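Reviewing the structure listed below.
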C-alpha cells in the first residue's frame, strides 16, 4: 500500500500536468472527509458513554457506590436505590443462558464444521442465522405463551423464573455462539486434523483433542460475546423473568434483571428515580464493556469475530 | 472400563445431531406457531387499513409505514457512514493506533445493549436536541446501532477484492478515489449490500430502543418529526395489553415474513455474488 | 409469474432485473409517501398513564374522524411521565390515573375525565370471594402468604403488582397500603394486560387493575363486602376509586381544549361508560 500511495501523484502529474494540483487537493479532501466519517463510530461510543455516565454518576455519588451496588432495597420513590437483586438476577439468568447457549451453540458449530455434509450445512446455517433475526419480543411472547405455563404446571413456582429466562436467552444467544465458533473452528489448519487422523485417532477424538483445543480462544470469545448479548437483552426478559425485587433462592424463583429494571420504570421515572435508572445503565454498561474487552483480548483473530458479534 | 473410541465417536456425533435438531425444531416451532395463529387473520385489508379502537380491530398500515420510515432512514444514515469508514480503514490509511481505535469503537458499539441505546437516544435526540418522540429520533438511534454491522461487513467485502484490481486501476492512471469508487466499491457491492440488508433486518426487529425514542403513537406519521409506532412495538403492546390476540398474531406474522424475506435475500446475495454462503 | 421471478433472480434475465428493482423501489417510495408532509398541523399530543391510554386512544380516534384539521396523538409512558411531559411542553395534555399530590396540584391544572374503580382480581377458581381492605393490605405487604389464612384453599399467595411510577400502583398504594410497602416478593408487570394474563393462568395469583379492564376471565373480589361494579363506584360505596385526569400546565390551547370538551361531552362520556368507566358528573 505505502509504495502505491507514493506513486499516484507522480503518475497523474505526468499524464495530466494541468490538473495535477487540483486532483491532489481533492484527494486530500476526500481523505479527510472519510477520516471524519470513520470517527463516527468512535465518537458515537464516546457520546453514548458520556451521556449515560453524566446522567447516572451523580446519583451513584449521592447514594454511595457501595450502597447502590450492595443494598437490596429498591424503593425509588422513597429515595432508596439498591440494585443488588438486579445484578444477581442478571448474573443468574446469564449463567443459565450461557450453559444452554454453549451446549447447543457449540454443538451446532462442531457439527457444521466437522461432520455435516455440505447439503445439510446449507440448510442448518441459514436456519441458525434466521434464529438470530427473529425479534426478541417474539421470543418473549413464545416464552410467556408456552414455556412459562409449562414450568408452572410441571416444575412448580410461578413459571416466570430464572429458568424460563435462561432458556429463552440461551436460544437467543445460540446463533451468536454458533457463528463465531464456526469461524474459529474453520480457522484450525487442515494439517492438524489430517495429522491427528493419520495417527489413528477417530474423528471425534480429533475434534475434542485437537480441533477444540486449537480453536479454544475463538470459542471462549464466542461464549463471552454471547454472554454480552444475554446480559443486554431486554424485551424478552421483561416478559418471562417476573421482575421481583427479591434475591432469588432457586431457579424457579422470579427475578428482575438490570435491563428490565430500566425498561420497566423508565417511562415513569422522574428526578432521582430516572437518574437511578441511568445509574443502573452505567452498571450494565460497565459489565458489557468488561465482557467485550475480555472477548477482544481473548480472540487473537480479530477481523472475523467482530462481524458476527452484533 | 474404557469405552471404545469408535463408540464414543458415534455417541458424540449423535448427541450433536440431536442438539442441532432441537435448535432447528425450536426455530420451526416458533415460525409455525406464529404463522399458524396469524396467517388466517392476515388479509389485504389488515395490511392497508388503520387500526381501530387501539388495534382491537382494523389493520397495521400506519405501523408498516412507521417501520419502513425508521428502518429506511436508519439505513440511509448508517450505510454511507459505515461504508465510508470501511473505505477509510482499508484504502486510505495504514494499520496503526488510529485504525485500532476506530475498530475498537465499532466493536464496543456492537456490544452495547439496545436498552442503553434507547436511554441514550432518549436523553440525546429526544430531549437534548429537542426532536421529541419521533421517527427521526428513532431512526438516528437505530442508525447508531446498525453502524458497526455495516462497517464490519463492508470492510470484509472490500478486503476480499483482489489486489490485482487495484493495481490495474492504478496502472490505468486512476486516482485513489476513482479506483475506490469505480473498482473496489463496485466489486465489493454485493458484500456491502448483504451487510445493509442484515441491518434492515435488525432495525425491523428492534423494540426496546425504538420504544424509548420513536414513541408509540397509533396514527399514520404525517412527517418524520412525529411519533410513530413500529410493527414490533405494536406486537408487543397488543400482546402485553391483551388488546387483541388475533391481531397480535397477525402483526407477528407480518414481522416474521418480513424477517424471513430479508434473511433470504441476504442469503441469496451472498450465494449469488459473494459465493460464501 | 413465479417462474419469471426465479429466472430474474437467478440473473438469467439481466434487463428484467432492473424492472424488478425499479418496481420494488417504487413500491417503497409509495409506502414512505405519507411521512413526507412537513407541517405539524394542529397536533395535540396526549401523553401519560397506560391505564387511561386505551380510553384516550379510542376517544382520539373518534375525535380525529370528526375533528377536521385537528389531530390528536396519544402516547403511553405512565402517569408520572405524562405530568413530566405536560410540564416540559412535550405534551399538550398529560394523562394521569391517580389524584395529584399536593405539590403537583400547585403546578398543574387538572380536569377529571372519568372515575375508575380499582379492582382486586384473582383466578376464577379461587374460593375467596371478598377481602377486607386490611386483608388486601396485609396480603400485598407479604404478611399473609397463604390463601387458607383468608378462607381459601391451602395454596401460597402469589402477588402481582405494577411497576414503580405507574398510576395504578400509586393509586393502589394510596388507597390500600397505608404505611406498609408492597412486598419485594411481588412480581412486577408493566401493563394491565400482562397482569390479567398472569392472574388468568395462575390459580395462586392476586393482582389489581382498572375495573373497566377486568373482563370475564378474572374474578374481581368484593372489598369490605362491596361488589366492584360501576354502580357501586358511582354511589361511592366501593372503597377503591381513583380519578382519571387530563392535566395541563397552564390554560389549555384551543386545540387541546377542543379535545377536552369532546371528552367531557355527552357523547365522549357515553363512550367511556360503555367501556366500563364511571362518568364524572
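The values are calculated or read from the model by the stated rules, or taken from the named source; none is laboratory data. As the structure is a computational prediction, the values presented were derived from the model and not from experiment. Heads up, the Cβs are rebuilt from the backbone with ideal geometry, glycines too, and the neighbour counts pull from every protein chain shown.
Just a few scattered comments:
- Exclusive hit being within 24 Å of residue B:250 (Cβ to Cβ) and surrounded by fewer than 18 Cβ atoms within 10 Å (Cβ to Cβ), set B:48, B:8: B:48
- Enumeration of residues in segment C:254-281 that are assigned to a loop (DSSP other than H, G, I, E, B) and in contact with a helix residue (DSSP H, G or I) (Cβ under 9 Å, 6 or more places away or on another chain): C:275, C:276, C:277, C:279, C:280, C:281
- Residues in segment B:47-63 that are farther than 22 Å from residue B:223 by Cα and either touching a strand residue (DSSP E or B) at 6+ places or on another chain (Cβ under 8 Å) or outside any helix (DSSP H, G or I) (or both): B:56, B:57, B:58.
- Checking each residue in segment C:86-131 for being over 18 Å from the mean Cα position of the chain (by Cα), in a loop (DSSP other than H, G, I, E, B) and farther than 10 Å from residue C:247 by Cβ picks out C:88, C:89, C:90, C:92, C:101, C:123, C:124, C:125, C:126, C:127, C:128, C:129.
- All of C:186, C:205, C:256 fail the test of being crowded, with 20+ Cβ neighbours inside 10 Å and over 30 Å from residue A:143 (Cα atoms), apart from C:256.
- Within segment C:200-213, the set of residues being more than 11 Å from every other protein chain (Cβ to nearest Cβ) and either more than 12 Å from the chain's Cα centre (by Cα) or more than 25 Å from residue B:233 (Cα to Cα) (or both) comprises C:206, C:207, C:208, C:211.
- For segment C:155-186, the set of residues classified as out of contact with any strand residue (DSSP E or B) (no Cβ under 7 Å at 6 or more places or on another chain), outside any loop (DSSP other than H, G, I, E, B) and either away from chain A (no Cβ under 11 Å) or over 19 Å from residue C:98 (Cβ atoms) (or both) consists of C:174, C:176, C:177, listed by residue number.
- Summed over segment A:70-81, residues that are assigned to a helix (DSSP H, G or I) and surrounded by fewer than 16 Cβ atoms within 10 Å (Cβ to Cβ) total 2.
- Residue match in segment A:136-150 (condition: surrounded by 22 or more Cβ atoms within 10 Å (Cβ to Cβ), under 26 Å from residue C:190 (Cβ atoms) and more than 12 Å from chain B (Cβ to nearest Cβ)): yes
- Scanning segment B:169-185 for residues that are touching a residue at least 12 places away in the same chain (Cβ under 8 Å) and in a loop (DSSP other than H, G, I, E, B) gives no hits.
- For segment A:199-208, a residue qualifies if it is surrounded by 12 or more Cβ atoms within 10 Å (Cβ to Cβ) and more than 10 Å from residue A:110 (Cβ to Cβ), and the qualifying residues are A:201, A:202, A:203, A:205, A:206.
- Looking across segment C:214-226, the residues that are more than 14 Å from every other protein chain (Cβ to nearest Cβ) and within 24 Å of residue C:155 (Cβ to Cβ) come down to C:219, C:220, C:221, C:222, C:223, C:224, C:225.
- Count of segment A:239-263 residues which are touching a strand residue (DSSP E or B) at 6+ places or on another chain (Cβ under 6 Å), at the interface with another protein chain (Cβ under 7 Å from one of its Cβ atoms) and at negative phi: 3
- Breaking point among (1) modelled with pLDDT under 85; (2) touching a strand residue (DSSP E or B) at 6+ places or on another chain (Cβ under 8 Å); (3) not in a loop (DSSP other than H, G, I, E, B), for residue C:251: (3)
- Number of the condition not met by residue B:210 [criteria: (1) at the interface with chain C (Cβ under 9 Å from one of its Cβ atoms); (2) buried (at least 23 other Cβ atoms within 10 Å of the Cβ)]: (1)
- Residues within segment B:242-258 that are at pLDDT below 90 and within 14 Å of residue B:67 (Cα to Cα), tallied: 0
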